[in-house]
Structures are given as structure tokens and as C-alpha cells.
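The structure appears right after this line, and notes come after that.
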Amino acid sequence: MTTSRIITAAVLAIATGLALPAAQAQNAVVNGIKRTDLMKQDLSVPGREAIQVRIDFAPGAAFPNHTHPGEEIIYVIEGTLEYRVEGKPPVTLNAGDVLFIPAGTIHAAKNAGSGNAAELATYIVEKGKPPLTLTK
């Protein structure tokens, strides 16, 4: 198996963690990224749900280009993370900073610091759709 196929398989394992029960998703650490499901709740807006996860990045870890079927609100809990959002210059955020990513916008994230980094990601997404789609 080539390195790119191994990385793709690892990323898919993490991505599908959003759809797994919290107990299973909490144990998934792939390529230095750990996703911990915190909450999934129907909203008062028909067809929408909120999903909240903590994402921990080991030094140098990166999550490739992807989209969500709804908005993402990011709060950096610790460390330094660099985000690449389609149509905008890269932005580097530190603990306490926030970022809004519009629905369907291609974006990626990586740990830009020398220590661990973590974010709290809140997704307001269309219910029943995969919460994450990898893109090129």
C-alpha cells in the first residue's frame, strides 16, 4: 500500500469517527489526530442538527481538505493551528481564537506549533448527510 493510500485510509477512519458512537470515536487516534465526540443534538430548525467534537492535533499533524454540509464554528482550546479556507489567505490561530467556516467551503487544518494543539468544533449541519466529505 502506498503512503498516500495509507494516509487516505487513516483520514477516512477519522472522518467517519463523526458518525460513530462517542465511545468508539474517542479511541480513534490516526496520524496524530484524535476526535472526541461531545454532543449530537437535533435543533429547532427542521432538518438541522448540532454536532460538537474536540479535535486534538499532535505536533505536525494535519487534516486534509474537506467540507461539511453546514457551518463550522471553531474555538482553539490550546496551541497554534493553521487553517486554509478556500478563497482566503491561510490564517494562524492561537488558544482563545475563533473561526467561522461557511457551509460547503473547502478547508484544511494543521498544527503549526511545536506542542500539542486542540480545537472545539461545532457543526450546524443538515441531518442525515455525512458530516464530513474529503475533497482534493
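Given a 1.4 Å probe and the protein chains as shown, Ser44 ends up with an accessible area of around 120 Å². Taking 0.36 nm per residue of sequence separation and subtracting the Cα-Cα distance, how much length would be gained by fully extending the chain between Gln52 and Thr92, in nm to one decimal? Gain on extension, Gln52 to Thr92, equals 12.2 nm.
Compute the signed sum of charges (Lys and Arg +1, Asp and Glu -1) over the other residues within less than 9 Å, Cβ to Cβ, of Phe57. Residues close to Phe57 contribute a combined charge of 0. Using a simple spin-label model with pseudo-atoms 7 Å out from Cα toward Cβ, Glu71 and Val45 lie 0.6 nm apart.
Looking at the calculated P(r) for the range 33-136, what percent of the C-alpha pair distances fall above 24 Å? Here the long-distance tail beyond 24 Å is 18 percent of all Cα pairs in the range 33-136.
The values are calculated or read from the model by the stated rules, or taken from the named source; none is laboratory data. Fair warning: this is a prediction, and the values are worked out from it, not measured in the lab. We place every Cβ from the backbone using ideal geometry, glycine too, and count neighbours over all the protein chains shown. The protein model used for the area step is the full one, side chains on, heavy atoms only, and it has no ligands, DNA or RNA in it. Shrake-Rupley method; radii C 1.70, N 1.55, O 1.52, S 1.80 Å.
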